[in-house]
């Protein structure tokens, strides 16, 4: 492991400090080349052994947008690693399978370095990073998986959902173009291990971030559409979930918290099948007063459909349309080599390392007008060019 720089120390009531360092990991890319990513490592003071969480950020966003959650987990005594994924103009584009390998490599690097309890590992992610975390959890047995408003892409998550056996919590925002109309909700039905889901009422796709990304909020309705209050709700559930499965702390009980929040109208579509705090795992807990808490079922939203047409209506993107949804069009599937965009097919020429420059139909934001599309494209281009020079943005 190569430590580059010590940059952050924060005090916490649970530990004397949380220290942020930076390391690098290299993994195979979609072709013959390799990809190197910068990784922020948030580590509590002491020698451990500590639990560990690997977190994936959203499309064209930044590892810094996970700082709030990473610091909170570090303060509890959980090492948290947050890699910077390559941008969509890098070789192979925003490859979800490659990003899953980055998460696994960042996790393994810390385990090898020592001071980690290898029986208490977890994956987490937001948006496209949620898909990458889900793919990683299908390959590497862990103790917990937490997903902030994940987005499906070409059925990648659907194909592996039955292989995710760890306790998994899905924390959704409202359906929108920014999360491909909540097209990952069907994963919940297929996941075989203990699981839970809820939707934060009126949540914007960018709300799970802390701090909220400017490029995300720009594309998903602007800063006025996001809320630090809702951000705190997402973080609270994530923190309590990892406290339960990585630290063995069942209080406050997630089920009771969700029931209270549902009664208060803060969350909805609550379906907890985690076993509860002394509750039979076979008895799902759903919120009272919400018609059919299973409405976000595999059949309610076609988990295999990305951007079902509200923006594209079967017309190929004009280079930047739908740049706000998660990675659906820039990913080069190492196996298939094709990407589907609401009726239009984009095929990679097949040359290893070819950059795909057409933006995706899925990212962490969506733009409604031509000026917004142009501005988003410029921002995304700048970010991608910078990420090719250095691992961070």
Calculated on alpha-carbon atoms, Rg and Dmax of the stretch 171-235 in Å: 12.5, 38
Distance between modelled label sites at residue 26 and residue 232, nm, 7 Å Cα→Cβ extension: 4.5 nm
Square roots of 5 times each gyration tensor eigenvalue, C-alpha, the stretch 194-274, largest first, Å: 25, 14, 10
Computed label-point distance, nm, for sites residue 192 and residue 111 using a 7 Å Cα→Cβ extension: 2.0 nm
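Nearest-5 percent of antiparallel DSSP beta bridges in the stretch 6-295?
Numbers: 26 of 49 bridges.
Of the beta bridges lying entirely in the stretch 6-295, close to 55 percent run antiparallel.
Pop the C-beta distance of residue 33 and residue 251 into the FRET formula with R0 = 56 Å and round what comes out to the nearest 0.05.
Working: r = 48 Å, r/R0 = 0.86.
Computed FRET efficiency for residue 33 and residue 251 comes out at 0.70.
What is the projected area of the convex hull of the Cα atoms of the stretch 6-295, averaged over all directions, in nm²?
On the way: hull surface 57.1 nm².
Mean projected area of the Cα convex hull: 14.3 nm².
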Antiparallel bridges, percent of DSSP beta bridges restricted to the stretch 13-136 (to nearest 5): 60 percent
Segments 186-193, 89-96 sorted - mean Cβ within 10 Å per residue, highest first: 89-96, 186-193
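Rule-based calculations on the coordinates, nothing more; no lab input. Only a predicted model underlies this, so the values are computations on that prediction, with no experimental measurement involved. Reconstructed Cβ throughout: ideal geometry from the backbone, glycine too, with neighbour counts over all protein chains shown.
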